[in-house]
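Some notes on the structure that comes next.
Throughout, read-outs are computed from the coordinates displayed, never taken from laboratory work. Note that the structure is a prediction, hence the values are computed from the model and not measured. Cβ placement follows ideal geometry from the backbone for every residue including glycine, while neighbour counts extend to all protein chains displayed.
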Amino acid sequence: MASLKEMRNRIGSVKATQKITKALQMVAAAKLRRSQDAAQNARPYAERMASVIANLAAGVSGEGAPRLLVGTGSEQRHLIVVATSDRGLAGGFNSSIVRAARERIGRLINEGKDVRILTVGRKARDQLKRYDRSVAAFEAGGNPSLAVAEEVAAKIRELFDAGDVDVVTLFFSKFQSVVIQTPTGVQLIPAEVKTAAKPIDLKGAVYEYEPDEETILEELLPRNITTQLFSAMLENQAGFYAAQMTAMDNATRNAGDMISALTLQYNRSRQAQITKELIEIISGAEAL
Amino acid sequence: MAEAFKFELVSPARLVLSEVVDQVVVPGAEGYFTVLKGHAPFMSTIRPGVLQVTSQSGKVAKIFVAGGFADVSPAGLTVLAEQAIAAEELSAEVIAKQVADAEAGVASAKSDEAKRVAQEKLDHVKEAIAEISATGDDR
């Protein structure tokens, strides 16, 4: 049985922890709103770009098509890009992204493919270290910035242009709501053309391009990679704060439960102590 | 008065503008072009320059865009800009950064071709800024 002083200390330390988790929860809640807005604001651009690409891709095929769209013709060498946050304390947020990536990596290795890994975010780097297949590791930084996305995209293109990779897949967590974030894999190269984008009714007119379709696509596709990375980072950021808020809310509640259990135990032993002392005094008096 | 059509300007960070306008002048890669209602379907890359948006009330807004794409479809005009800054928000600081970025692009260009492209971009940026600041005085 712990002494009363020890128990008092214990309660004090749990209370201190509760204060920290409570503060973290409130910070996460405040930041969540901002990052949620940022993620939503970035969606129109990504959507428009996808539909423009879908439009263009329908018209371009065969020999002249850019390799970023049709691929290298091989599927042997894969690059897995895993985007997580830099920090933890967000429940299973980062682990679930990494788990999804690991499943894919494991399957590709079993199929005898060459797999390389590029990580964005410290957590991904740490959790995927043991594969020892990393080609580059970036930090997600504080708020998602286009500059970081561009840097990562440049690295991916460099690898692709050098012929080191054939297929590039990006893993991140899609922010669906405050309680649901789904780890998702998106193929970056060859570009995934969304067929769901509705074809625009041209009323018999023919699209004109300036300079020409190939040139436009060649400019658009690299930018699309940057855009997808950027929106993945924004979604991650929003998801991260949502997960952190939930995790810290749970932690605060657990700390509360623990405090009341400990306080009850403390009071019981204190009363037992008092009773014991009283009995000693009374029996001492009776003996006289 | 011209008929109006739907115009959307989006940058990676947000939807900058979405409204019904009379006319938009776009700095296309191969020259400025004006979009009115009923323009034929058309797609073009754009260079750093100034978008001139004439709203239905006849007011002209100038917006600096740093490259991107313009897509004219029967549904309207969509401009995907890498960066879009309204002329009023274009401070000396922002201008200096744009020029510095473009200059860095020239300096870091590896091949002659890349250098030429970067130099062209720098010229366009300077030209656009000159245009905006020139009109800024008589406002």
With the dipole of the protein assembly as shown defined by +1 on each Lys or Arg Cβ and -1 on each Asp or Glu Cβ, the option from A:88, B:13, B:130 whose Cα lies farthest towards the positive pole is A:88
Quick calc: nm separation of the 7 Å Cα→Cβ label points for residue A:114 and residue A:10 -> 5.8
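Explain nothing, just the number: dipole magnitude of the protein assembly as shown about its Cα centre with +1 on each Lys and Arg Cβ and -1 on each Asp and Glu Cβ, in debye rounded to the nearest 20.
On the way: 50 positive and 53 negative charges, 552 e Å.
Using Cβ point charges on Lys, Arg, Asp and Glu, the protein assembly as shown gives about 2660 debye.
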Going residue by residue through region A:266-277, the Karplus relation 6.51 cos²θ - 1.76 cosθ + 1.60 with θ = phi - 60° gives ³J(HN,Hα) values, rounded to whole Hz and with x marking Gly or Pro, of 4, 5, 4, 5, 5, 5, 4, 4, 4, 4, 4, 4
To the nearest 20 debye, chain B has a Cα-centred charge dipole, built from +1 on Lys and Arg Cβ and -1 on Asp and Glu Cβ, of 180
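Between beta-carbons, use under 12 Å as the cut-off and find the net charge around residue A:185, counting Lys and Arg +1, Asp and Glu -1.
Details: positive: A:99, A:102, A:104, A:107, A:174; negative: A:103, A:192.
Summing Lys and Arg as +1 and Asp and Glu as -1 gives +3.
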When the charge dipole of region A:95-158 is computed with +1 on Lys and Arg Cβ and -1 on Asp and Glu Cβ about the Cα centre, the Cα farthest towards its positive end, among A:98, A:119, A:141, belongs to A:98
The FRET efficiency for residue B:96 and residue A:158, from their Cβ-Cβ distance with R0 = 22 Å and rounded to 0.05, is 0.15
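Say R0 is 45 Å: what FRET efficiency, to the nearest 0.05, do residue A:268 and residue A:130 get from their beta-carbon distance?
Working: r = 48 Å, r/R0 = 1.07.
With R0 = 45 Å, the Cβ-Cβ based efficiency is 0.40.
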To the nearest 20 debye, region B:5-86 has a Cα-centred charge dipole, built from +1 on Lys and Arg Cβ and -1 on Asp and Glu Cβ, of 160
For residue A:260 and residue A:177, extending 7 Å from Cα along the Cα-Cβ vector and measuring point to point gives, in nm, a value of 2.8
For region A:139-195, listing trypsin sites (Lys or Arg not before Pro) in a DSSP loop whose Cβ sees at most 16 other Cβ atoms within 10 Å gives A:194
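Compute the FRET efficiency between residue A:192 and residue B:112 as 1/(1 + (r/R0)^6), taking r as their Cβ-Cβ distance and R0 = 51 Å, and round to the nearest 0.05. Display every interim value, and only then the final one.
Working: r = 35 Å, r/R0 = 0.69.
Working from the Cβ atoms, E equals 0.90.
Considering only Cα-Cα distances, which of the following residue pairs are longer than 26 Å: A:129/A:174; B:37/B:126; A:129/B:110; B:6/B:126; B:37/B:62; A:31/A:155? Spell out each step's value before the answer.
On the way: A:129/A:174 24 Å; B:37/B:126 31 Å; A:129/B:110 34 Å; B:6/B:126 30 Å; B:37/B:62 19 Å; A:31/A:155 30 Å.
Too far apart for the 26 Å limit: B:37/B:126; A:129/B:110; B:6/B:126; A:31/A:155.
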Relative contact order as a percentage, region B:13-111, C-alpha pairs under 8 Å and 6+ apart, gives 21
Rounded to one decimal in nm, the spacing of the 7 Å Cα→Cβ label points at residue A:67 and residue B:103 is 3.6
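How about region B:77-137: which trypsin sites (Lys or Arg not before Pro) there lie in a loop by DSSP and see at most 16 other Cβ atoms within 10 Å? Can you show the working numbers first?
Values: sites: B:97, B:110, B:115, B:116, B:121, B:126; in loops: B:110.
Hits after loop and neighbour filter: B:110.
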Summed over the other residues with a beta carbon less than 12 angstrom from that of residue A:174, with K and R at +1 and D and E at -1, the charge totals 0
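Around residue B:115, with a cut-off of 15 angstrom between Cβ atoms, what is the net charge of the other residues, counting Lys and Arg +1 and Asp and Glu -1? Walk me through the intermediate numbers first.
Details: positive: B:110, B:116, B:121; negative: B:103, B:112, B:113, B:120, B:123.
My count for the surroundings of residue B:115 gives -2.
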Given the candidates A:18, A:178, A:50, the one whose Cα lies deepest towards the positive end of the charge dipole of chain A, counting +1 at each Lys or Arg C-beta and -1 at each Asp or Glu C-beta, is A:18
Note: probe point = Cα of residue B:119 + 7 Å toward Cβ; backbone nitrogen < 20 Å; residues of region B:74-112 passing the test are B:99-112
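Enumerate by residue number the GluC sites (Glu not before Pro) in region B:1-91 meeting two conditions: DSSP loop (anything except H, G, I, E, B), and at most 11 other Cβ atoms within 10 Å of the site's Cβ.
Working: sites: B:3, B:8, B:19, B:30, B:82, B:88, B:89; in loops: B:3, B:30, B:82.
Loop-located and lightly packed - B:3, B:30.
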